[in-house]
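What follows draws every value from the coordinates through simple rules; no lab data is involved. For clarity, every value in this text was computed on a predicted model and none was experimentally measured. Neighbour counts run over all protein chains shown; Cβ positions are idealised from the backbone, glycine included.
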Amino acid sequence: MSTHIRPTAEADWRQWRERRAAHVSAPHGPLALTGTHWLDALPDDGVIPGLPGVWRQEDGRIVHEADGAIAVLEAEGRPLILPGGRKVLAIVREGLPAVRVWDPESPARRAFSGIDAFPWNARWTVPGVFHPYDDGGRTVRVPNADGRERGLGLGGELSFTLDGQEHRLSVTVEEDGRLWAVLADATSGKTSFRFRFLYTPPPAADGSLTVDLNRAQLPPCAFADAFICPFPPPGNTLPFALEAGERAVVSQGLIG
């Protein structure tokens, strides 16, 4: 009779690391993003360098015209696939439309060697509690990686205790119930990227959940400059060295 042996926490973490590397290095993964082009910044002729045809906005949609053919792109809708496997997707951020371009032949994807991470350690997996805001949520303005400031929606605070000290992070509640924190710590910009993301499972009815800091991960903008990741909101800088989770992108044997 066969028995099913549940992977150890460390083995599960290693599998997560493998899935992460496969995701970011996929043909249209984060490493393949080569540009985010805001339509309000395009020249009057509607030309985006390196892309065929012309682009314009009509009633909140993005219209692409090339060789007499017209394609309409809805925000976050079906992408446009160009010759060579490049993918173009329409996005809207705070009412401003843009097109994002992924190229499977991007230099970053071709140079990718892996994601450097701190060693797994059981001490970084602790119980936590989600405390939703009484008002149902709020929005704070934070700088983004592209130099603009945008709103970041927050649904409450995640508390956890480490080495006898309680810590709290402001978090966003994702559509699937997971919690998302944008955070920094004493390693940020030194031995790890300047900030990181942390996702947790959806909390139980009483707000309880497990916080696995071993799964702190690099934000998309660590893989491609064209992402516009939000920086940590006020209060989300941990007062200790979080020597856990992903640290940096490794390209051709170099950490970058």
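Over the residues of the chain, the helix contribution to mean residue ellipticity at 222 nm works out to -2500 deg cm²/dmol, using -39500 (n - 2.57) for each DSSP H run of at least 4.
Relative to the compact-globule estimate of 2.2 N^0.38 Å, the Cα radius of gyration of the stretch 30-103 comes out at 1.00.
At most 14 other C-beta atoms within 10 Å and a DSSP loop state: those are the exposed chymotrypsin sites (Phe, Trp or Tyr not before Pro) I care about. Give me the longest piece of the chain that has none. Walk me through the numbers on the way to the answer.
Values: sites that count: Y133, F240.
Looking at the chain, 1-132 is the longest stretch - no exposed chymotrypsin sites (Phe, Trp or Tyr not before Pro) with at most 14 other Cβ atoms within 10 Å.
Label-to-label distance, A241 versus A21, with points set 7 angstrom from Cα along the beta-carbon direction: 2.5 nm. The tail of the calculated P(r) for the chain, taken as Cα-Cα distances beyond 30 Å, holds 37 percent of the pairs.
Label separation (A69 vs T8): 5.4 nm, computed from points 7 Å beyond Cα along the C-beta direction. Within the chain, the longest segment free of exposed loop sites, counting GluC sites (Glu not before Pro) that fall outside DSSP classes H, G, I, E and B and have at most 15 other Cβ atoms within 10 Å, spans 176-256.
Over all Cα atoms in the stretch 111-255, the spread is summed up by Rg and Dmax: 15.2, 49 Å. Contact order, relative form, for the chain: 19 percent (alpha carbon pairs under 8 Å, 6 or more residues apart, mean separation divided by residue count).
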